[in-house]
């Protein structure tokens, strides 16, 4: 039978570098519907975040497509259970892998997380982690820790950090380092409580480490490794450590996984319906090793083959290594054969054939492009090549 | 509120510009490396503190770099990026001498993503169309940039390839107001570019 550990005991265990036993509970620190009523510093933190939320609401990078927002909101609500109404969820168009939680319940999910998930369970794992930050009052703990270590300047830094995801420590490096070390312990705590929350919600808790194994695989595939992982890595345990301790803890607590990851129809529908936006943003990062890793994963998951092959074409063509042109031509042809390729498949195949000197075939594809995309904004350019 | 903040930032940027060496560009024909341009009145050459600029690049502004800028990037060789980045892991896209218009458009789109920082902006391009620069065939297209914690930007880009080198000109300005304010003059300068 599981017993409930106190906040103090759990924190002490984490600070000591060991994980709580698998049968121990890390509990929420606040009840559902919580609002700060007495603590002035916490009230100030919420006000700060409300201003940040107002700015976020006007951001052109906010995803407003209900297909995506309702999918994410449902995951949040199911994972949060009794705390469902405490969160306001914003999906932000950003191809990088991240999510964040503000102390007033504003959760940001970046589209880069959605495009990297192999299952809804994996998205739930990240969501559960963010919910745990909220219900354990981690932001308030960080604020108070900063106040005890630095001057008012440090508080400004924290406000920037919480509001934007980036930190600009000016003359506060030592204090910030101390605070960030503390934050890594919170991250571990959020990992474990998050895994518990998704298990309680009926998601697969083994997704909590699979998501990090995927990030490791992507980093392995990257042609250009990230030198500075930014705020995310400095405050978080690295992916390998995280995957290892989560796998160990989850397996001890819930037993081994009973099946391999199975993609679900809901995630596939979201990916298929929004694939152009999600992958165009990824391709624009010019990080082709990572893009190829994602495409291989999407092909295995069963994302619409015409879309996956189209982006293979985009990736090979824009990478431009030796032999990539032939690979791109083959990918576009396959995308078109699958029926459902984006109009740009015809256009970009036409351009490649033009480079190969096959003007007649190129013009055929250009004509098809204009047929399937009569309102094409680059019609003048295409007609220039048709008239040549 | 947003406009007020912008004007304040522009004033600060302009003030620091006075100190650090903004210089008025004389209206009329001017040459940037080997690129000839017919400068419109009222543009100011930004100092070299623009750390993203390649050598030989000139960046001009009317109201401050946050509000509007026109840049002339001449003679980018095969295998090189259109901008510089202080980050070694920036994965900047590079020009290839066999690029066709669609690829130049994508190159610029990805370059602008890097200009603002990965994940900080969503860039889209449209209206790719032919244009002849002097007697060199090239392209024009439009740009929209949605940027984190910033106004939206709109822009016009011109580009052509000569001697296996890319010549790239762009005008980017905040929306609303600043893009339209100088669009005609900026587009005229871009279209006037020739070797």
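The values are calculated or read from the model by the stated rules, or taken from the named source; none is laboratory data. Just so we're clear, the structure is a prediction, and the values are computed from it rather than from any experiment. A quick note on method: Cβ atoms are made from the backbone with ideal geometry, for glycine too, and the neighbour counts reach across all protein chains shown.
Tabulated values for the structure
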{"read-out": "Any hit, segment A:77-94, residues being closer than 21 Å to residue A:192 by Cα, touching a strand residue (DSSP E or B) at 6+ places or on another chain (Cβ under 7 Å) and assigned by TED's automatic domain parsing to the domain that holds residue A:191", "value": "yes"}
{"read-out": "Answer from B:95, B:141 - the residue that is facing chain A (nearest Cβ under 9 Å), touching a residue at least 24 places away in the same chain (Cβ under 8 Å), within 18 Å of the chain's Cα centre (by Cα) and surrounded by 16 or more Cβ atoms within 10 Å (Cβ to Cβ)", "value": "B:141"}
{"read-out": "Matching residues, segment B:71-82, being assigned to a loop (DSSP other than H, G, I, E, B) and buried (at least 22 other Cβ atoms within 10 Å of the Cβ)", "value": "B:82"}
{"read-out": "Subset of segment A:369-382 (residues that are out of contact with any strand residue (DSSP E or B) (no Cβ under 8 Å at 6 or more places or on another chain), within 12 Å of chain B (Cβ to nearest Cβ) and exposed (fewer than 15 other Cβ atoms within 10 Å of the Cβ))", "value": "A:375"}
{"read-out": "So residue A:72, is it under 17 Å from the mean Cα position of the chain (by Cα), under 20 Å from residue A:187 (Cβ atoms) and buried (at least 21 other Cβ atoms within 10 Å of the Cβ)", "value": "no"}
{"read-out": "Segment B:31-42, residues that are crowded, with 17+ Cβ neighbours inside 10 Å and free of Cβ contacts under 8 Å to residues at least 60 places away in the same chain", "value": "B:32"}
{"read-out": "Some residue of segment A:297-316 being assigned by TED's automatic domain parsing to the domain that holds residue A:374, surrounded by fewer than 23 Cβ atoms within 10 Å (Cβ to Cβ), more than 25 Å from residue B:79 (Cβ to Cβ) and out of contact with any helix residue (DSSP H, G or I) (no Cβ under 8 Å at 6 or more places or on another chain)", "value": "yes"}
{"read-out": "Elements of type helices (runs of 4 or more DSSP H) in segment A:148-244, at least 3 residues being farther than 28 Å from residue A:53 by Cβ and either away from chain B (no Cβ under 14 Å) or modelled with pLDDT under 85 (or both)", "value": "A:173-200, A:207-221"}
{"read-out": "Check on residue A:65, touching a residue at least 60 places away in the same chain (Cβ under 8 Å), over 14 Å from the mean Cα position of the chain (by Cα) and closer than 27 Å to residue A:272 by Cα", "value": "yes"}
{"read-out": "Residues (closer than 21 Å to residue A:380 by Cα, surrounded by 17 or more Cβ atoms within 10 Å (Cβ to Cβ) and within 7 Å of chain A (Cβ to nearest Cβ)) located in segment B:104-126", "value": "B:106, B:109"}
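Rundown of residues vs (1) within 14 Å of chain B (Cβ to nearest Cβ); (2) farther than 30 Å from residue B:114 by Cα, yes/no style:
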{"site": "A:287", "(1), (2)": "yes, no"}
{"site": "A:292", "(1), (2)": "yes, no"}
{"site": "A:298", "(1), (2)": "no, no"}
{"site": "A:337", "(1), (2)": "no, yes"}
{"site": "A:387", "(1), (2)": "yes, yes"}
